[in-house]
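Visitor: So that we are looking at the same thing, I have put the structure below in structure tokens.
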Amino acid sequence: MADDTSSPMDRFCGSTFWNATETWYTNDPDFTPCFEQTALVWTPCAFYWAFVIFDFYYLKASLDRNIPWNKLNVSKALVNLGLLVITALDLIMALVKKGGDSELPLYDLDVWGPIIKFATFLLLFIFIPLNRKYGVQTTGCQFIFWFLLTVLSIPRCRTEVRLDAERQKILNSQQPSEQDFSWEEYQFVSFFIFFTFTSIMLILNCFADGMPRQTKYQRGENEIPELSASFLSRITYQWFDKMALKGYRNPLEEKDLWDLRPQDSCSEVMPIFAHHWNQNVRKNYKNKARVEPKAQFSNGNVTFENPHGEKNGRKKGMASIMPPIYKSFGGVFLFGALMKLFTDTLTFAQPQVLSLIISFVEAQDAEPEWKGILYAVLLFVLAAAQTFILGQYFHRMFIVGLRIRTALINAIYRKALRISNSTKKESTVGEIVNLMAVDAQRFMELTTYLNMIWSAPLQIGLALYFLWQQLGPSVLAGLAVMIILIPVNGVIASRIKTYQIRQMKYKDERVKLMNEVLSGIKVLKLYAWEPSFEKQVLDIRDKEIATLRSTAYLNAGTSFLWSCAPFLVSLVTFATYVLIDENNVLDATKTFVSLSLFNILRFPLTMLPMLITNLVQTQVSVNRINKFLNSEELDPNSVLHDSSKPHPMSIENGEFSWGDEITLRNINIEVKKGSLVALVGTVGSGKSSVVQAFLGEMEKLAGVVNTVGKLAYVPQQAWIQNATVRDNILFGQTYDRKRYNKVIDACALRADIDILSAGDLTEIGEKGINLSGGQKQRISLARAVYSDADLYLLDDPLSAVDAHVGKHIFEEVIGPKGILARKSRVLVTHGVTFLPQVDSIYVIKMGEISESGTFDQLVKNKGAFADFIIQHLQEGNEEEEELNQIKRQISSTADVPELLGTVEKAIKLARTESLSDSISVTSADSLMGGGGSLRRRTKRQDSHDSVASAASLKKKQEVEGKLIETEKSQTGGVEFAVYKHYIKSVGIFLSVATLVLNFVFQAFQIGSNLWLTQWANDQNVANDTGLRDMYLGVYGAFGFGQGFTSFFSDLAPALGSLHAAKVLHSMLLENVLRAPMTMFDTTPVGRILSRFSKDVESVDQKMPQVINDCIWCAFEVLATIVVISLSTPIFLAVIVPIAFLYYFAQRFYVATSRQLMRLESVSRSPIYSHFSETVTGASTIRAYNVGDRFIEESDAKVDKNQVCKYPSVIANRWLAIRLEMVGNLIILFASLFAVLGGQTNPGLVGLSVSYALQVTQTLNWLVRMSSDIETNIVSVERIKEYGETKQEAPWELEQDKNKPKNWPQEGRVEFQNFQVRYREGLDLVLRGVSFNIQGGEKVGIVGRTGAGKSSLTLALFRIIEAAGGRISIDGVDIASMGLHMLRSRLTIIPQDPVLFSGSLRINLDPFEIKTDDEIWKALELSHLKSFVKSLAAGLNHEIAEGGENLSVGQRQLVCLARALLRKTKVLVLDEATAAVDLETDDLIQKTIRTEFKECTVLTIAHRLNTILDSDKVIVLDKGQIIEFASPTELLDNPKSAFYSMAKDANLV
């Protein structure tokens, strides 16, 4: 071969490098041998050398070490070695066989070719032991290298085989050959061995290596398969298949989830973030003196530095969370950005290939067929590559988002444990929790789109550049349209936002009203007031629906704009293009390439405005988080721990403030070892502040605070965690049974624990919701006692407990003989009783210590302390015997006549009170042992009754199944009936209209596109402007048809779903109000409310959106299939298998994803509730010094949430990759058939392929939308379920109408052998009760708790229906009437006064049928007139929720006024259990005696003296009447039950 060949590459090889005629312009394409041996081998090598840095990074980042040798890595090493040997041989053979003496010249290629290969293989070989040592199980670069090398070697196989065949021909031919083929023969053999080895390496690289022996974190059975999945399995997410399958078979549960990847857990993310945060904080200090180590991960704690720093270091500015975020997570993010760049480029390659396909079809057989196939395959490869890279990109971004969220949540949590009180005052707990719930979450949602900031402008720029190439400057016209549409959309969006705010307001009002209705449902039923409230709710609902309707019109407007946008843009652009210049003609290539570019343009243009608003919101979030993380912290050095001081706790000359003015001054306190010091003083004098000062919670302005030893603290407001009782007491310490039981008994918790359903393992609700104040306080005390500390700070622990319990606790725990006798204790107290027993007393007045000393000293002083005692005694809430004790103490110390006089007075007062308080009934006394003053007994009475009844109730519950039914969590699919129900609610007309309109819309769209192809293919347009204008006009008409139908196809389902929402809500409301009382007893209000809030909301707002999108996507997919089949009918054959694939992916995904979403939302709320708990209890946590434990708990909760979150992220990717591959197959077949099927119409081909290019996204959306429909239809299911609950008897009956207006005229009430039970399957509460009450008689009903007194009245109102016997009023059986007829003709004054928010007038007369005069008259009789007159608004005075702005007594009187307004013949008076206050009680009694003289009055008495003057008394016991006679008669008989009750009450 001649040496003077043209190019350097030719000289390098000694043969031609590139020959276009051989490779491109031919029916049998082939590369030159030189190209095969250089370019095709060096490309993979260059790739590997370029990206080998990643392999090094993975070695460095790996958390594991030491993979054992196994078959896989041994065979990799051997095959790699084989490759090295072959390559070395190639070099040696070349040097031996060529050059020098032999006639074959030695070219550079023969030397350099093997050397380059050898170097690359050597590098790969070195990585095998390295990866093994550093525990890297799989690497992507190597897989891609082997893949490329194998694929790119295939052309050479063909060449070598052909050359070999030629050689055989020559050898087999007759003439003896002079040529020596030995070198070629060698090359042939060597290449095939090389090719075999590379193929084997490729196969070996499809698998991941074994498990490492040493791992930083325990890798359990349940580890996530991703960790040991191979590269191939990772990019296809094949490792997720197991979970998808499991989720498909049966609903996933928490135990099915995998452990978290170690690199995403708090323990990996936090140290990195903390390190960068601390660096950032330090940058903000001027003085660089302090050199800090890296963030230490000491025993699992990360320390964050305080941005407020020491007092001396001057602050330059706020430390921001952004730099640490960039530094900690920027690497992964940049890698993601790189991938995004790749995919953006690939996106734009597709239209280019499309134009090649169109021109191939246009050329019609001038081009060889293989080119068409090549283009089709190329299009598929581009799409597939894009799919895989995008999958990884989103995955990476999600991980970054998750990690940022983890870091922020943890940083906020750690900060919340240390913020100073002045910071805490600035924001509510809710706001701080929102930082975590809303702001940190926002980052997570943003990360996926963040790259759009540069990617969107890039995409827009590229699209415009390619469009310019196609259509020249007329593109600008189209762009102008797009830009004009953005602000128009902005305006509509802001309108929608105002509507949304308004709708939220209505929704809150409606839910608040529903909440009241449900809480006071019993009263509504007794008064027969449901219709009035139903109307109120529906009125609000109508306003809400009206707002939603306006929103729907606006939404349809936006959709109209968006569906017109792409169309308008193309119309304007094409029109401009053909109208500017006569010579501009549209052909198929221009048309369809432009169309697909316009489609690409749509996405970034929609995203940009959204992204900008998102960024602004995130910026706000960043500022809020920064403000919080930079806020002031408590000074850890305000309290010293100097053990050389004489006393364990002391304050010397202390001055303290709560951040503003000085609260405490000149404080000097010493607590000797083992002594008990009391702090007393009036309310607000600063007692608690002293305790806080000891804890270091206050800002210390001067002085020295010193504590030595372990602290325990009992706050004034007990702080209870949402955990079991036992956990609350142990508070993180180990369980020691003996000590625990001792503590429980000492703190008087034994009885309380016995009542609780699961003993001390009963879970306590948030903020201790299911405990009384006293129980909380005692648990808080028990926690302190159990912690066995050295120093005790007790901030008024006895305030919330009853006197006798307080005494017990003082004796057993706090006092000189208690468990804590040996400890040093500070007790803040209000009670005087225990003061004689303390070692020293400090009296605090106005934030200063006014005097101190022992009890005796202080009494002698006659100073502030004596005043305090006098004031205290005058309030008269002490018990008689305790007063005697104080009296003895005082008289023994000194002669202080004023003091003694006061004590005497107080004693008298206590005596008189205990008599008037005489209590009713019950043998509970004997339970408690007599003795003790009566006053105390009253107090205990209530608690004891409730204890007894609660215990019996508990036993009953266990027998009769739970009272509260557990909520059914939906699993699995939703049956078809629900969909049917929903479609019915929407209305048949609108349902059909939606489908038809969507159909027409797609028809217009396809029509306009087919018209374009017609136009593009029409050759006559070039010289006939009239024809051109006709084409343009029709195209425009199609477009407007599209816009028009789009508007209505959007509006129809929106209005339909609104109609459905309205129907469903009113049905739900109607049925809930008509449900019998038992339903409200067994269902928590919250659960019913969530139907009215959450479920109604999802039917209101989510359903219309989701349904709309789903229908739209479905039609879009149909349209695509139609278009492709039109252009290439054979495509229909492929549709079936593709549809199958699609269906399976969809089923698997929906089942798994739905459950994962549920699990995720369940695991998310504990993070926030634990956080808000921590914020509330921060001072307790700090006092006990258990901050680290709480941080660990929080981390564990975050990790647990990630465990649920991560798989659902992966499920998304898993689905996306599978669906997009289905879409890519559609692209492949559409383009292949277009090329092979001999389709001659280039326009149709362009159309079908550009449709196919869009289908991947649509398919993806379709699955998401259909799964969203399933998620949201559950709401319809729940509403339907409540709408079908059992109803009570009808409210109105026809035969009621002929009853006289003033029925009952006499008010005769008759019970005949009456039996009743509360619910099916429960015992009878009344067992055959018979009595007869004449009209106008006054009857008292007495009996101990649970005897059936209330059941009598409930039965009279038919709140509970008879199980046997009957009740008649004036001879009419009440079971034969409508409920409202009955209930509106009886009057009741209920036990606890229930008021509703709204005007006073509505509360008295909700139907607004009474005149003002009547109402004022009623108010006058109920002694409220003067009060109402004094109100500015009078009768329109707004009453707060639950009547909060009236006193309890006033509420009682309002109920009386209600009764007076109704004034029916029969009145039931259910006495209030707790004596409201005697005054109100007397007023009510008086009014009833005068006003209801002629009426029959049934009184359920809790105090006997109210019924001593009644005509008859009914004594009930266990549901039967044991006595029925006049009170005098019964009192004369000492054997009667009534007599013994009266005796107990000191009435006889």
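Visitor: Considering only helices (runs of 4 or more DSSP H) fully contained in segment 723-819, which possess at least 1 residues that are more than 25 Å from D839 (Cα to Cα)?
Guide: Those helices (runs of 4 or more DSSP H) span 725-730, 737-746, 750-755, 773-786.
Visitor: For residues in segment 16-25 being at pLDDT 85 or above and of a type in the set (S, T, N, Q), which is surrounded by the most Cβ atoms within 10 Å (Cβ to Cβ)?
Guide: Filtering segment 16-25 for residues that are at pLDDT 85 or above and of a type in the set (S, T, N, Q), the one surrounded by the most Cβ atoms within 10 Å (Cβ to Cβ) comes out as T16.
Visitor: Would you mind finding the one in F603, F567 that is surrounded by 21 or more Cβ atoms within 10 Å (Cβ to Cβ) and in a helix (DSSP H, G or I)?
Guide: Going through F603, F567 in turn, just one is surrounded by 21 or more Cβ atoms within 10 Å (Cβ to Cβ) and in a helix (DSSP H, G or I): F567.
Visitor: Restricting segment 247-264 to residues that are assigned to a helix (DSSP H, G or I) and open to solvent by 90 Å² or more (accessible area, probe 1.4 Å), which is farthest from S1161 (Cα to Cα)?
Guide: R249
Visitor: Quick one: how many residues across segment 635-665 are assigned to a loop (DSSP other than H, G, I, E, B) and of a type in the set (S, T, N, Q)?
Guide: 4
Visitor: Mind listing whichever residues of segment 1148-1166 are among the aliphatic types (A, V, I, L, M) and either in a loop (DSSP other than H, G, I, E, B) or buried (at least 19 other Cβ atoms within 10 Å of the Cβ) (or both)?
Guide: V1150, A1151, L1156, L1159, listed by residue number.
Visitor: Scan I389, I325 and give me the residue that is surrounded by 15 or more Cβ atoms within 10 Å (Cβ to Cβ) and touching a residue at least 60 places away in the same chain (Cβ under 8 Å).
Guide: One residue alone meets the criteria, I325.
Visitor: Looking at G461 and the list (1) over 30 Å from F329 (Cα atoms); (2) without any contact (Cβ under 8 Å) to a residue 60 or more places away in the chain; (3) more than 27 Å from the chain's Cα centre (by Cα), which single condition is not satisfied?
Guide: (1)
Visitor: Same structure, new question: Taking into account only those residues within segment 751-777 that are modelled with pLDDT of 75 or more and under 20 Å from T1174 (Cα atoms), which is surrounded by the most Cβ atoms within 10 Å (Cβ to Cβ)?
Guide: Only one residue tops the list, namely Q777.
Visitor: Ok, one more. Which of the following residues is buried (at least 19 other Cβ atoms within 10 Å of the Cβ), in contact (Cβ under 8 Å) with a residue 24 or more places away in the chain and in contact with a Leu (Cβ under 6 Å, 6 or more places away or on another chain): E530, E544?
Guide: E530 is the lone residue from the list that is buried (at least 19 other Cβ atoms within 10 Å of the Cβ), in contact (Cβ under 8 Å) with a residue 24 or more places away in the chain and in contact with a Leu (Cβ under 6 Å, 6 or more places away or on another chain).
Visitor: For segment 1494-1510, enumerate the residues that are open to solvent by 70 Å² or more (accessible area, probe 1.4 Å) and touching a Pro at 6+ places or on another chain (Cβ under 9 Å).
Guide: Of everything in segment 1494-1510, just one residue is open to solvent by 70 Å² or more (accessible area, probe 1.4 Å) and touching a Pro at 6+ places or on another chain (Cβ under 9 Å), namely D1509.
Visitor: Can you say whether E1414 is surrounded by fewer than 20 Cβ atoms within 10 Å (Cβ to Cβ) and at positive phi, as far as the supplied structure shows?
Guide: no
Residue-by-condition table, conditions (1) touching a residue at least 24 places away in the same chain (Cβ under 8 Å); (2) open to solvent by 60 Å² or more (accessible area, probe 1.4 Å):
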site	(1), (2)
R213	yes, yes
K216	yes, yes
G220	yes, no
L232	yes, yes
Q238	no, yes
K242	no, yes
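Visitor: May I pose another question? Go through segment 683-706 and give me each residue that's out of contact with any helix residue (DSSP H, G or I) (no Cβ under 6 Å at 6 or more places or on another chain), closer than 22 Å to T829 by Cα and not hydrophobic (A, V, I, L, M, F, W, C).
Guide: Listed by number, the residues that qualify are G684, S685, G686, K687, S688, S689, Q692, G696.
Visitor: Let me ask something additional. Quick check, is E670 farther than 20 Å from I814 by Cα, in contact with a strand residue (DSSP E or B) (Cβ under 6 Å, 6 or more places away or on another chain), open to solvent by 50 Å² or more (accessible area, probe 1.4 Å) and in contact (Cβ under 8 Å) with a residue 12 or more places away in the chain?
Guide: Taking the combined requirement at face value, the residue does not satisfy it.
Visitor: So, one more: Please specify each residue of segment 820-836 satisfying the condition of being at pLDDT below 90, more than 45 Å from the chain's Cα centre (by Cα) and not aliphatic (A, V, I, L, M).
Guide: Result: G831, T833, F834, P836.
Visitor: With the structure loaded, tell me whether A493 is open to solvent by 30 Å² or more (accessible area, probe 1.4 Å) and either part of a helix (DSSP H, G or I) or modelled with pLDDT of 90 or more (or both) or whether it fails that test.
Guide: Yes: the conditions hold for A493.
Visitor: Out of the residues in segment 633-653 that are of a type in the set (D, E) and open to solvent by 70 Å² or more (accessible area, probe 1.4 Å), which is farthest from A440 (Cα to Cα)?
Guide: That would be E652.
Visitor: Considering only residues that are open to solvent by 20 Å² or more (accessible area, probe 1.4 Å) and among the aliphatic types (A, V, I, L, M), which ones fall in segment 1078-1103?
Guide: Those that are open to solvent by 20 Å² or more (accessible area, probe 1.4 Å) and among the aliphatic types (A, V, I, L, M): M1079, V1085, L1089.
Visitor: Out of F51, F35, F56, F31, I need the residue that is closer than 30 Å to L374 by Cβ, open to solvent by 40 Å² or more (accessible area, probe 1.4 Å) and part of a helix (DSSP H, G or I). Which one?
Guide: F51
Visitor: What's the number of the only condition in (1) open to solvent by 60 Å² or more (accessible area, probe 1.4 Å); (2) modelled with pLDDT of 85 or more; (3) of a type in the set (S, T, N, Q) that S1248 fails to meet?
Guide: Of (1) open to solvent by 60 Å² or more (accessible area, probe 1.4 Å); (2) modelled with pLDDT of 85 or more; (3) of a type in the set (S, T, N, Q), only one is false for S1248: (1).
Visitor: Name the residues in segment 1513-1548 that are open to solvent by 70 Å² or more (accessible area, probe 1.4 Å), part of a loop (DSSP other than H, G, I, E, B) and aliphatic (A, V, I, L, M), would you?
Guide: V1548
Visitor: In segment 489-513, how many residues are farther than 16 Å from A1061 by Cβ and touching a residue at least 24 places away in the same chain (Cβ under 8 Å)?
Guide: Counting residues in segment 489-513 that are farther than 16 Å from A1061 by Cβ and touching a residue at least 24 places away in the same chain (Cβ under 8 Å) gives 10.
Here's the yes/no breakdown for (1) on the phi > 0 side of the Ramachandran plot; (2) at pLDDT below 90; (3) in a helix (DSSP H, G or I):
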{"position": "L1419", "(1), (2), (3)": "no, no, yes"}
{"position": "F1427", "(1), (2), (3)": "no, yes, yes"}
{"position": "A1432", "(1), (2), (3)": "no, yes, no"}
{"position": "N1445", "(1), (2), (3)": "no, yes, no"}
{"position": "R1451", "(1), (2), (3)": "no, yes, yes"}
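Visitor: Could you tell me which of the residues N623, N630 is at pLDDT 90 or above and open to solvent by less than 30 Å² (accessible area, probe 1.4 Å)?
Guide: It is N630.
Visitor: Could you check segment 1386-1410 and list, in sequence order, the residues that are more than 23 Å from V537 (Cβ to Cβ) and either in contact with a His (Cβ under 6 Å, 6 or more places away or on another chain) or surrounded by 20 or more Cβ atoms within 10 Å (Cβ to Cβ) (or both)?
Guide: L1386, T1387, I1388, I1389
Visitor: Another question about this same structure. Considering only segment 947-1002, state which residues are farther than 30 Å from D754 by Cβ, open to solvent by less than 90 Å² (accessible area, probe 1.4 Å) and at pLDDT below 70.
Guide: Selection gives S969, Q970, T971, G972, G973.
Visitor: List the number of the failed condition for I1124; all other conditions in (1) farther than 30 Å from Q441 by Cβ; (2) at pLDDT 85 or above; (3) open to solvent by 10 Å² or more (accessible area, probe 1.4 Å); (4) assigned to a helix (DSSP H, G or I) hold.
Guide: All conditions are met except number (3).
Visitor: All but one of (1) in contact (Cβ under 8 Å) with a residue 60 or more places away in the chain; (2) assigned to a strand (DSSP E or B); (3) within 16 Å of S685 (Cβ to Cβ) hold for F865; which doesn't?
Guide: Here F865 clears every test but (2).
The values are calculated or read from the model by the stated rules, or taken from the named source; none is laboratory data. Quick caveat, the model's predicted, so the values are computed rather than measured. Every residue, glycine among them, receives a Cβ derived from its backbone with ideal geometry; neighbour counts consider all protein chains shown. Note: accessible area is taken over every heavy atom of the protein model, side chains too, but ligands, DNA and RNA are not part of it. Shrake-Rupley method; radii C 1.70, N 1.55, O 1.52, S 1.80 Å.
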